[in-house]
Amino acid sequence: MPQRKILTYRYEPFGGILHLDRPAALVWVDKDYMRSLGYPDSPLWDSGSARLSAPLEAHVAVTRQCSAGCAGCYMDSYLPGTRPDLEAAELGLDGMKKVVDALADVRVFHVALGGGESLEQPWFLDLAAYARSRGVVPNLTTNGFPLDERNVARCRVFGQINVSLDGVEDDYRQTRGIRGFAAADRALTLLRKARCRAGINVVVSRRNVHKLESILRYARRKKVNQVELLRFKPAGRGRGLFPEMDLTPEQASTFYPMVSALARRYRIRLRLDCSFMPMVYAHGPDPKRLDLFAIAGCHGGEMLLGVGPAGEAAACSFARHEPRDLGDIRRWWAAPDTFLPFRSWHENAPEPCASCTYLELCRGGCHVVAEAVVGSPARPDPGCPRVRRAEAGG
């Protein structure tokens, strides 16, 4: 592996992780391979730990402010100027630079920046540039509304920019509750002209799952480099809408065959977020193959860290925040009681998960959904087709 393609690296108990530029990837290698690249032995190799030394990626919401007002916002965002109490608690540029510093110091590879709508903050692109200067690749999720000819060129600082788009033309309004398709479409056009790596984020719900083909057809026409499908979560304003937005049992059972067929038909890079994995495993794919390609369920609090606008930490973007000092992340990340039950779920799994072939991969599905629907993140994901069949006595 040529040295020039390695952006950065990080020691781990098993050896290390290499962050490659071309192709863009994180590659896990053993101790001998690290030595072959000229890296000296690390004390971490003798630690006996089975846990990663730090998150691979942090999802950082830089603000809760957003002018769009989408009905199902998972952040429960607010219109600028309407919540001075919340606005005062947000860290701003200087505070967010300290967050980046804390992440860079433990060699987090990627930071996914969002909100609210982060591009509405006048300092936001300066923050992204600062992350780059600290060796952390910034990525962006945006509704696209604030993008224009003046700021789009600066967006080349991002490794990936995904524009939120849950439907084409009027389907956008019917799903998100606002008129925004034209603005999102314009943003994607601008990003392509500026030679940015642009994709689409689709929050999949009962309202639009049958419209995914039209979104993929549109994505191919716009020549985006990926489409990421995200499950609607019971968080923020979305918590109240979840009963009417959650996939029906039939939709959940047919979801994976449908999106697999669409990905083949439109030859587009299609990604599923981790909360969809129970819908994948329900169809019995080869576990060894899934493990080889790291097609896994929830790794919140293990590979992933969520950070809120006031610097609060969580196992993922949708989970409850915990009062932890990011400046002390190295210590508490290594502590065994951090982000329970996310980390320990598979060790104490109840049935039907305990005897499931996919337990180690799935790790119980989405704990945020379980907490909202059945009252405890320690329960199995109630949206899993296998769980539903077991509860029905099937």
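The values are calculated or read from the model by the stated rules, or taken from the named source; none is laboratory data. For clarity, every value in this text was computed on a predicted model and none was experimentally measured. Glycine also receives a Cβ, built like all others from the backbone with ideal geometry; neighbour counts cover every protein chain displayed. These accessible areas exclude ligands, DNA and RNA; they are computed on the full protein's heavy atoms, side chains included. Shrake-Rupley method; radii C 1.70, N 1.55, O 1.52, S 1.80 Å.
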Exercise for the section: Output ³J(HN,Hα) for the stretch 230-239: one whole-Hz value per residue in order, computed from phi by the Karplus curve 6.51 cos²θ - 1.76 cosθ + 1.60 with θ = phi - 60°, and x for Gly and Pro. Expected result: 10, 6, 5, 10, x, 9, x, 5, x, 5
Fill in the blank from the handout: With every protein chain in place, the accessible area of residue 244 for a 1.4 Å probe, in Å² rounded to the nearest 10, comes to 90 Å²
Handout entry: Distance between modelled label sites at residue 79 and residue 283, nm, 7 Å Cα→Cβ extension
Key = 4.3 nm
Problem - Under 22 Å, Cα to Cα: Lys pairs in the chain, sequence gap 8 or more or different chains - result: 6
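Could you work out the relative contact order of the stretch 202-310, using alpha carbon pairs under 8 angstrom and six or more residues apart, expressed as a whole percent? Mind dumping the intermediate values first?
Working: 87 pairs, mean separation 31.4, N = 109.
Relative CO of the stretch 202-310 lands at 29 percent.
Looking at the stretch 118-214, which GluC sites (Glu not before Pro) are DSSP coil and have at most 11 other C-beta atoms within 10 Å of their C-beta? Walk me through the numbers on the way to the answer.
On the way: sites: 120, 149, 169, 213; in loops: 149, 169.
Of the GluC sites (Glu not before Pro), the ones in loops of the stretch 118-214 whose Cβ has at most 11 other Cβ atoms within 10 Å are 149.
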Exercise for the section: Return the long-range amide H neighbours of residue 9 (sequence gap of 5 or more, or a different chain), with a cut-off of under 5 Å between placed amide H atoms. Expected result: 19
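With the Cα gyration tensor of the stretch 300-340 giving a ≥ b ≥ c as the square roots of its eigenvalues, does the rule (a/c under 1.5 for rounded; else a/b larger than b/c for prolate; else oblate) give rounded, prolate or oblate? It would help to have the intermediate numbers written out before the result.
Values: a/c = 1.77, a/b = 1.18, b/c = 1.51.
Oblate, since a/c reaches 1.5 and b/c is not below a/b.
When the solvent-accessible surface of protein heavy atoms is calculated with a 1.4 angstrom probe, in what order do 126, 101 fall, highest first?
On the way: 126 70, 101 40 Å².
My answer, sorted largest first, is 126, 101.
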Completion exercise
Carbon/sulfur accessible area of the chain, % of total, 1.4 Å probe, equals 51 percent
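On full extension of the chain, what length is gained from residue 7 through residue 374, given 0.36 nm per residue of separation minus the C-alpha to C-alpha distance? Before the final figure, lay out each step's value.
Numbers: separation 367, 0.36 × 367 = 132.12 nm, distance 4.36 nm.
Gain on extension, residue 7 to residue 374, equals 127.8 nm.
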Problem - For residue 139, distant residues with modelled amide H under 5 Å away - result: 111, 112, 113, 159
Practice task
May I ask for the net charge around residue 374, where only other residues with Cβ less than 13 Å from the Cβ of residue 374 are counted and Lys, Arg are +1 while Asp, Glu are -1?
Solution key: -2
Completion exercise
For the stretch 64-73, Karplus-derived ³J(HN,Hα) couplings (6.51, -1.76, 1.60; θ = phi - 60°; whole Hz; x for glycine and proline) come out as 9, 6, 6, 8, 6, x, 4, 4, x, 4
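For n ≥ 4 DSSP H runs only, could you compute -39500 (n - 2.57) per run for the chain, divide by its residues and tell me the 222 nm figure to the nearest 500? Spell out each step's value before the answer.
Working: 15 runs with 129 residues, N = 394.
For the chain, the value works out to -9000 deg cm²/dmol.
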Fill in the blank from the handout: Options [x] -0.23, -0.53, -1.64; [y] -0.22, -0.49, -1.39; [z] -0.33, -0.67, -1.28 are given for log10 I(q)/I(0) by the Debye sum over Cα atoms at q = 0.06, 0.09, 0.15 Å⁻¹, and the computed one is [x]
Handout entry: Within a Gaussian network of the chain (alpha carbon springs, distance under 10 Å), most fluctuating of 113, 79, 56
Key = 79
Exercise for the section: Any chance you could look up the accessible area of residue 28 with a 1.4 Å probe, heavy atoms only, rounded to 10 Å²? Expected result: 110 Å²
Practice task
Using the Karplus curve 6.51 cos²θ - 1.76 cosθ + 1.60 with θ = phi - 60°, work out ³J(HN,Hα) for each residue of the stretch 266-280 in order, rounded to whole Hz, and write x for Gly and Pro.
Solution key: 9, 6, 10, 6, 10, 10, 10, 6, 4, 6, 8, 4, x, 6, 7
